[in-house]
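> There's a structure below that I have some questions on.
Rule-based calculations on the coordinates, nothing more; no lab input. This one's a predicted model, so the numbers in the text were calculated from it and none came from an experiment. All Cβ positions, glycine included, derive from the backbone under ideal geometry; neighbour counts span all protein chains shown.
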Amino acid sequence: MQASLQWLTPFLLLLHSAALSAQSRPAGVARRELLQQRLSATTVEQVQIDEITLAPGQAAPVHYHPCEVYGYVVAGQIAFQPAGRPQVLLNAGNSFREAAGQRIPVFKNASADQPATFVAMYLARKNQPLIILTNDHKN
């Protein structure tokens, strides 16, 4: 009898797994992964999430963040270039990462006539500054 039921345990585990998967995605709810990033061993004591709107053509000064920053473009287009990488155009629905300490020479609204809005999430230590502006004005 025991030999004939050996298939039952894996089957029940598979059935249970499928039921849990279905429960995690209720009808009418869709999930789209925007970004997945491994974090280095670091201490996050404070999370701050900001919505930022850049006026048409507005560029951020050359800067870096002492903490990890993750972002999501809500509207418009943003020209984005971390140091040492090619410039990319981020559109509404795109996500991005600014690594801690990485210089960002280009971050600007790519449109001359439409605002661009993005959400930035800062993973910081307590009382850590969120942005450091550099003296380098090359955009």
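> So for segment 46-133, taking the charge dipole from beta-carbon charges (+1 Lys/Arg, -1 Asp/Glu), which of P56, T117, A99 sits furthest toward the positive end?
After comparing all options, I get A99.
> HN-Hα J couplings of segment 45-61 from phi, Karplus 6.51/-1.76/1.60, θ = phi - 60°, integer Hz, Gly and Pro as x?
10, 8, 10, 10, 10, 10, 9, 10, 10, 9, 5, x, x, 5, 10, 6, x
> Here's a follow-up. How big, in percent, is the set of alpha carbon pairs in segment 46-133 lying more than 15 Å apart?
Value for segment 46-133 (Cα pairs over 15 Å): 56 percent.
> Follow-up question, since we're still on this one. Starting with the highest mean, order 81-88, 110-117 by the number of other Cβ atoms within 10 Å, averaged over the residues of each peptide. Mind dumping the intermediate values first?
On the way: 81-88: 12.4, 110-117: 14.8.
Output ranking for 81-88, 110-117: 110-117, 81-88.
> Work out from phi, with θ = phi - 60° and the Karplus expression 6.51 cos²θ - 1.76 cosθ + 1.60, the ³J(HN,Hα) of each residue of segment 78-90, listed in order in whole Hz, and give x for Gly and Pro.
The phi angles translate into 10, 7, 9, 8, x, 3, x, 10, x, 5, 10, 9, 8 Hz.
> Go through segment 125-134 residue by residue and turn each phi into a ³J(HN,Hα) via Karplus (6.51, -1.76, 1.60, θ = phi - 60°); whole Hz please, and just put x for glycine and proline.
Once rounded to whole Hz, the list reads 8, 4, 6, 6, x, 8, 8, 10, 7, 9.
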